[in-house]
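Before any comments, here is the structure.
The values are calculated or read from the model by the stated rules, or taken from the named source; none is laboratory data. This is a predicted model, so every value here is computed, not measured. Using ideal geometry, Cβ is built from the backbone for each residue, glycine included, and neighbour counts are taken over all protein chains shown.
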């Protein structure tokens, strides 16, 4: 979408200058209809590809996957709740730890210097390398290893965004509050927290999806014999493609719920704020 330009008289009235206006916002209904239309097109192309006979044996059609999802809903739902719980626990505790450390890093530069290499190291550790170690460390019957993987995945984006948000307050605003005899608590309440809130919610929106992915990967690579990831691995190896893909669809639903809830919170918290 290109920016629109309009010609307006300059201050002297003798010449004209160009003013670049912001692009028009998409209609609200189009923002919801467009993803649905794209999804329907993808499903139609998928079904045609499977019907042509050129698809691999382990790729069933969307209708077959939907039928299996409905028939096996009771067992899929149980595993979905386990995966969702692991992701939620990891998201909550990872976010709380990230907010605490980001606050310390923003308040003291030495702490920021000590945390920076640790955060950089965590950000590049592959989940698939960390998962077997944590599952073995905390025992094959414990869910804590999976939750720890989700916690690490959620920690990184929340920490980075919150730290950035805490540093967005301008010195002139802090000086105004200081001149008004505002306490540190009042400065945090009326300036620092409102400024950092949009960044926190953006970090939570990103972290919610990463927590679900991390929980699925952690279940896939070991731990207790439950959860969406474990079921996908089990049924894929046994050749039950429809059921394995039905579990994949269950994992997608979990991710969508997490993403939509955090997006709604972000929208409600930032409503009325200037863009």
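Condition (residue is part of a helix (DSSP H, G or I), at pLDDT 85 or above and surrounded by fewer than 21 Cβ atoms within 10 Å (Cβ to Cβ)) applied to the stretch 180-188: is it met by at least one residue?
No - not one qualifying residue is present in the stretch 180-188.
If a residue has to be modelled with pLDDT of 90 or more and farther than 14 Å from residue 79 by Cβ to count, how many in the stretch 218-241 make the cut?
Selection size over the stretch 218-241: 0.
If only one of 140, 105, 150 is under 24 Å from residue 213 (Cβ atoms) and part of a helix (DSSP H, G or I), which one is it?
Matching residue, one of 140, 105, 150: 150.
If residue 159 satisfies all but one of (1) under 23 Å from the mean Cα position of the chain (by Cα); (2) touching a residue at least 24 places away in the same chain (Cβ under 8 Å); (3) surrounded by fewer than 21 Cβ atoms within 10 Å (Cβ to Cβ), what's the number of the condition it fails?
Of (1) under 23 Å from the mean Cα position of the chain (by Cα); (2) touching a residue at least 24 places away in the same chain (Cβ under 8 Å); (3) surrounded by fewer than 21 Cβ atoms within 10 Å (Cβ to Cβ), only one is false for residue 159: (3).
Of all residues in the stretch 221-246, which are in a helix (DSSP H, G or I) and either within 20 Å of the chain's Cα centre (by Cα) or surrounded by fewer than 21 Cβ atoms within 10 Å (Cβ to Cβ) (or both)?
Passing the criteria: 228, 229, 233, 234, 235, 236, 237, 241, 242.
Enumerate the pairs (first residue in the stretch 33-49 and without any contact (Cβ under 8 Å) to a residue 24 or more places away in the chain and on the phi > 0 side of the Ramachandran plot; second residue anywhere and surrounded by 11 or more Cβ atoms within 10 Å (Cβ to Cβ) and not in a helix (DSSP H, G or I)) with beta-carbon separation below 8 Å, excluding pairs fewer than 6 apart on the same chain, so at least 6 apart or on different chains.
Here the result reads none, with nothing in the stretch 33-49 linked to a residue that is surrounded by 11 or more Cβ atoms within 10 Å (Cβ to Cβ) and not in a helix (DSSP H, G or I).
If you check 64, 84, which single one turns out to be in contact (Cβ under 8 Å) with a residue 40 or more places away in the chain, under 26 Å from residue 147 (Cα atoms) and part of a helix (DSSP H, G or I)?
Selected residue: 84, the only one of 64, 84 that is in contact (Cβ under 8 Å) with a residue 40 or more places away in the chain, under 26 Å from residue 147 (Cα atoms) and part of a helix (DSSP H, G or I).
Restricting to the stretch 247-272, name every residue that is in contact with a helix residue (DSSP H, G or I) (Cβ under 7 Å, 6 or more places away or on another chain) and in a loop (DSSP other than H, G, I, E, B).
Within the stretch 247-272, just 270 meets the criteria.
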